[in-house]
1. Determine which single condition Trp69 fails, assuming it passes every other condition in (1) surrounded by 10 or more Cβ atoms within 10 Å (Cβ to Cβ); (2) in a loop (DSSP other than H, G, I, E, B).
2. Have a look at Lys78, Lys3 and point out the one that is of a type in the set (Lys, Arg) and at pLDDT below 80.
3. Mind checking whether some residue in segment 69-85 is closer than 30 Å to Ile33 by Cα and outside the structural domain of Ile33 (by TED's automatic domain parsing)?
4. If you go through segment 31-50 one residue at a time, how many are in a helix (DSSP H, G or I) and over 10 Å from the mean Cα position of the chain (by Cα)?
Amino acid sequence: MIKTLCYLRENMYFYKIKQTDTMGYAEIAQLEIMNAAANVASQEDLDDLRMTLSKFFAERAQRAIDKLWDEGKLNQSKLDELRGKHLRTPYN
């Protein structure tokens, strides 16, 4: 069961989420994103939210690439080899 408390601050609604023992991180993240989306009031807010999410995933991807590089699983010659490959799924 998810317990929430709704309150208004500066014309924006916020839902305080009480985490339960049965909730996973994905569920908590979904609630946090829904909380943010509930306060999108303009195109500018939407653009800011999109940019924030984009930066989050870009940073996560960069950390994964850096880890592969540090472990020696990725290097410049492998990047050069991948540059010329066509790895898309054929749909015909």
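1. (2)
2. Checking each option against the conditions leaves just Lys3.
3. no
4. Here the count works out to 13.
The values are calculated or read from the model by the stated rules, or taken from the named source; none is laboratory data. If you're wondering where the values come from, they're calculated on a predicted model, not measured in any experiment. Glycine also receives a Cβ, built like all others from the backbone with ideal geometry; neighbour counts cover every protein chain displayed.
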